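Asks: Here it is, the structure in full.
The values are calculated or read from the model by the stated rules, or taken from the named source; none is laboratory data. Note that the coordinates shown come from a computational prediction; the quantities given were computed from them, not determined experimentally. We place every Cβ from the backbone using ideal geometry, glycine too, and count neighbours over all the protein chains shown. When the accessible area is computed, the model is the full protein with side chains, heavy atoms only, and any ligands, DNA or RNA have been set aside. Shrake-Rupley method; radii C 1.70, N 1.55, O 1.52, S 1.80 Å.
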Amino acid sequence: MSADVRPPEHALEVVRSGPAATVQDLGRPGLAHLGVGRSGAADRPSLRLANRLLGNDEGAAAVEVTVGGLSVTCAGGAFVALTGAPCPATVDGRPVPLNSVLWLPDGAELELGMPAVGLRSYLAVRGGLEVAPVLGSRSRDTLAGLGPDPLTAGMRLPVGPAPAGDPLVDTAPLDPPTGGEITLRVRLGPREDWFSPGAARTLLGQAYQVSADSDRVGARLEGDPLERAGDDDRELPSEGMVLGSLQVPPSGQPTILLADHPVTGGYPVIGVVDARDVAAAAQARPGQTVRFVPTARAS
Amino acid sequence: MRCLPCGDVGLLVELDDLPQVLALHAALEQAPPPGVIDLVPAARTLLLQLDPAQTAVDAVAEQVRSVSVRPGAAPVAGRVELPVVYDGSDLAEVAELTGLSTEEVVAAHTGQEWTVAFCGFSPGFGYLVGEDERLHVPRRSTPRTRVPAGAVGLAGEFGGVYPRESPGGWQLIGRTDATLWDVDRDPPALLVPGTQVRFVRQDAS
């Protein structure tokens, strides 16, 4: 036994997890050759913002909350920040703002209600969550079953030591995700030649509805089906897929591949959502309308 | 070689066959173009994932076209023997599809050397290529919703072993007790690209 007097361990304690809350950082790039995808926060800019507010490394691990419902306390107290989908939030019943540095006192309960718009919110803690990393990341990959378990009531999430720098700002002005129509820039390819000439017009011309069957793997869309080229009963050999790919299964209804998408897939990709718009796609709620516009060619 | 852009974050390089894919992969692994963060080899393609803040698709395509590729340069990454009990639910169907008896299917499976070409589908799922075409069979028309960990299967030109329970559409011919995926092992995948694999018949205990 050590005689050292240790400071009390800081930890978030989960009172209620809500429908789907996981720990996320910026994921595990560089392992695709082992069949391991990147995973990480579905809305990366919101995770980075929450960490910047607290003076953390931008890639520190935080909680990704889906449609609110999370309730936590923090042993020892902590500075926290909430970003992403605007959940109504309270500390011991008193409303607290988003995109701000908040003090969560020892034992006080932070409760998140359901956001009016958007899907995913981020709760970051100064010092970051120090759950055990798996393959260099604390992200939960829901498809591969890798990384820390999804949050459940009673779980303790250790908080790391505070970073050297102080938080530089109290609050960050930021537009919330839209509740109306979402416009996503898309570049056709790599497999647009697997579709009928009219399929690109259909993709770019219609309003899609986001399906309820959407998750961290993909946002599934419903609309007029995208037709395969008429003479085409080929089967695509599985190939690598990037984040934001519009993968089209035989139903003709595209799925926007999100953070936990598989490394390879066997259905052709008609187009890819611009990297700047993937966070907006990840915030699209079931029932919301999505339109695609062509990306201006860079060259 | 065809270079197909994937938005602003990827370049899908389409090649004629798997050996070309593996040769280009081996060449690029040694010296990846700046800003490329991940290489994903597959049956006919190599995907380069890039960071759009560091490079652009067109620049990467130019660099890929200038790479000199030595065919057959893919290195061997070790040898593995996998004990298999050949009692898979699709063994009889594979026999019918290949025109072999079930005994001949087992003999063909154990009698050739397999090489892990690439990983995909799920962590540690290696796509194995054999030495002949006798066991090439189509995947099942209806995938199973649940395939157990350790299931040994065939699909198209590939063999494979399911590292963990998952849905799957491969024809199942047997099962192994080997641990294909363990995050506490380095590397966590038993079958990394380049590994040579022998399947060894084991009696059901």
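Asks: Any chance you could get the radius of gyration and Dmax over the Cα atoms of the range B:79-201, in Å?
Replies: 13.2, 42
Asks: Still on this model: With runs of 4+ DSSP H residues as the only contributors, calculate the mean residue ellipticity of chain B at 222 nm using -39,500 (n - 2.57) per run, divided by the residue total and rounded to the nearest 500.
Replies: Computed ellipticity for chain B at 222 nm equals -5500 deg cm²/dmol.
Asks: Can you pull the mean other chain C-beta count within 10 Å for peptide A:128-141?
Replies: 1
Asks: For chain B, what relative contact order do you get, as a whole percent, if you take Cα pairs closer than 8 Å and at least 6 residues apart?
Replies: Once divided by the residue count of chain B, the mean separation gives 21 percent.
Asks: Something else: Nearest 10 degrees is fine. How inclined is helix A:44-53 to the longest principal axis of chain A, computing both from alpha carbons?
Replies: 20 degrees
Asks: If you don't mind, another one. For the range B:74-189, what does the relative contact order come out to in percent, with C-alpha contacts under 8 Å and a separation of six or more?
Replies: Averaging sequence separation for qualifying contacts and normalising by length gives 28 percent for the range B:74-189.
Asks: Mean projection of the alpha-carbon convex hull of the range A:223-277 over all orientations, in nm²?
Replies: Result: a mean projected hull area of 4.2 nm².
Asks: When chain B is modelled as a GNM with alpha-carbon springs shorter than 10 Å, which of B:Q30, B:Q20, B:Q112 fluctuates the most?
Replies: B:Q30
Asks: Can you give me the long-range amide H partners of B:R201? Hydrogens built in the peptide plane at 1.01 Å from N, cutoff under 5 Å, separation of 5 or more residues or another chain.
Replies: Amide H neighbours of B:R201: B:V84.
Asks: Sticking with this one: Taking only protein heavy atoms into account and a 1.4 Å probe, give the accessible area per residue of chain A in Å².
Replies: 42 Å²
Asks: Around A:P148, what is the net charge, scoring Lys/Arg as +1 and Asp/Glu as -1 over all other residues with Cβ under 13 Å from its Cβ?
Replies: -1
Asks: Let me have the 222 nm mean residue ellipticity of chain A computed from DSSP H runs of 4+ only, each contributing -39500 (n - 2.57), with the sum over all residues rounded to the nearest 500.
Replies: Value at 222 nm, helices only: -2000 deg cm²/dmol.
Asks: Roughly how many Å² is the accessible area per residue of the range B:1-140, as a whole number, for a 1.4 Å probe?
Replies: Ligands and nucleic acids excluded, the result is 44 Å² per residue.
Asks: Another question, if that's okay. Can you give me the % of accessible surface on chain B that is carbon or sulfur? Probe 1.4 Å, all protein chains present, nothing else counted.
Replies: About 48 percent, which is the carbon plus sulfur part of the accessible surface.
Asks: Could you state the principal axis extents of the C-alpha atoms in the protein assembly as shown, from the largest down, to the nearest angstrom?
Replies: Taking the Cα atoms of the protein assembly as shown, the three principal extents are 73, 65, 42 Å.
Asks: Keeping every protein chain in place, order A:E239, B:E113, B:E165, B:E96 by accessible area at 1.4 Å, biggest value first, i.e. largest first.
Replies: Descending order: B:E96, B:E165, B:E113, A:E239.
Asks: Also, quick follow-up: If you average the C-alpha positions of the range B:102-138 and of the range A:270-286 separately, how far apart do those two centres end up, in angstrom?
Replies: Cα centres, the range B:102-138 to the range A:270-286: 37 Å.
Asks: Please give the solvent-accessible surface of B:H136 in Å², to the nearest 10, using a probe radius of 1.4 Å with every protein chain present.
Replies: We get 80 Å² for B:H136.
Asks: If you take all C-alpha pairs in chain A, what percent of them are over 24 Å apart?
Replies: When every Cα pair of chain A is considered, 53 percent fall beyond 24 Å.
Asks: Taking Cα centroids, how far is the range A:121-147 from the range A:10-70 in Å?
Replies: 6 Å
Asks: For B:I37, B:I173, give me the order by solvent-accessible area with a 1.4 Å probe, most accessible first, ignoring ligands, DNA and RNA.
Replies: B:I37, B:I173
Asks: Over what distance in Å are the Cα centres of the range B:165-205 and the range A:183-229 separated?
Replies: 36 Å
Asks: Can you give me the solvent accessible area of B:T98 with a 1.4 Å probe, rounded to the nearest 10 Å²?
Replies: Probe radius 1.4 Å; accessible area of B:T98 about 30 Å².
Asks: Follow-up. Among residues other than A:L47 whose Cβ falls under 9 Å from its Cβ, what is the net charge (Lys/Arg +1, Asp/Glu -1)?
Replies: Local charge sum for A:L47: -2.
Asks: Need one value for B:32-45: mean number of C-beta atoms belonging to other chains within 10 Å of its residues' C-beta atoms.
Replies: 4
Asks: For the range A:99-211, how big is the tail of P(r) above 21 Å, as a whole percent of Cα pairs?
Replies: 64 percent
Asks: Still on this structure, I have one more. Please compute how much accessible surface disappears when B pairs with A, both sides summed, using a 1.4 Å probe, and round it to the nearest 100 Å².
Replies: Separately minus together, B and A give about 2700 Å² buried.
Asks: So, with a 1.4 angstrom probe, what is the percent of accessible area on the range A:1-151 that is carbon and sulfur?
Replies: 55 percent
Asks: How charged is the neighbourhood of B:D90? Take every other residue with its Cβ under 13 Å from the Cβ of B:D90, and add Lys/Arg as +1 and Asp/Glu as -1.
Replies: Overall, the nearby charge balance is +1.
Asks: Averaged across orientations, what area in nm² does the convex hull of the alpha carbons in the range B:2-65 project?
Replies: 3.6 nm²
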